[in-house]
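The values are calculated or read from the model by the stated rules, or taken from the named source; none is laboratory data. Source: prediction; values computed, not measured. Glycine also receives a Cβ, built like all others from the backbone with ideal geometry; neighbour counts cover every protein chain displayed. The area values use the complete protein model at the heavy-atom level, side chains included, leaving out ligands, DNA and RNA. Shrake-Rupley method; radii C 1.70, N 1.55, O 1.52, S 1.80 Å.
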Amino acid sequence: MATPILTAIEQGIKDTIKAYYDVHGHNVRQIKSYGGDFDMQNPDEFAQVVSQFPAIWVTFKQAKPPVKTTNRRKAREYVFTVLVGASSQRVEETARQGAFDKTGKMLSVGSYQLISDVEQALERSRLGLPIEPLEDGSITTLFNTRTQNETVSVLAYDWIVTATTSSAADETDEPWLDVVAIDYILDEAQGYQAIARDINNLT
């Protein structure tokens, strides 16, 4: 059974970001699919999520209506959102900008750096799939907040994925072309009747 396109894209985004951090980047504690991690109302549960920062999540956002490219193929734009989360026990801006020592060495990563890392990993990538190169979309703040001990910054980065797929309905509605006949060398004296013909079998 073929892997659904949404599953393949979501997993491809996670794998590509993980591969980037394997080579360079900062310590990210988890890269995973979003599963309502920020939906809980209990402060203790939210604090447990924050304890896993810095972290990155991937989730499907929406798909635009398909556009036919041929009778049998159509292209569709899918939008996936990559969420990044960072926290700090220092001032609020540290959760966004990170913390550095006097030599410029990073002590803790901020959400801005995570966004930059995601961009470096995904921009123009094909995720190892038969799709168009990824296009970056809008970046928005999901929230800036404070727990009892930490400030928290979570940003959302949209990515546009264009995939072209075959349409099963189109393939059954129209007959497949099996044979091509070519008539040529017309004889004016015989009323432009073909005096030669080639038959090309395509199957």
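Side notes on the structure shown:
- Hey, GLN148 surrounded by 12 or more Cβ atoms within 10 Å (Cβ to Cβ), touching a residue at least 60 places away in the same chain (Cβ under 8 Å) and closer than 21 Å to PHE38 by Cβ or not: no
- Check on VAL91, farther than 16 Å from VAL58 by Cβ, out of contact with any helix residue (DSSP H, G or I) (no Cβ under 7 Å at 6 or more places or on another chain) and among the aliphatic types (A, V, I, L, M): yes
- Sole exception among (1) in contact with a strand residue (DSSP E or B) (Cβ under 6 Å, 6 or more places away or on another chain); (2) modelled with pLDDT under 75; (3) open to solvent by 20 Å² or more (accessible area, probe 1.4 Å) for ALA99, by number: (3)
- Residue count for the range 113-140 satisfying the condition of being open to solvent by less than 80 Å² (accessible area, probe 1.4 Å), in contact with a Leu (Cβ under 8 Å, 6 or more places away or on another chain) and assigned to a loop (DSSP other than H, G, I, E, B): 3.
- Among the residues making up the range 61-91, those that are among the hydrophobic types (A, V, I, L, M, F, W, C) and more than 18 Å from the chain's Cα centre (by Cα) are VAL67, ALA86, VAL91.
- Condition met for SER51 (under 17 Å from the mean Cα position of the chain (by Cα) and either hydroxyl-bearing (Ser, Thr, Tyr) or surrounded by fewer than 16 Cβ atoms within 10 Å (Cβ to Cβ) (or both)): no
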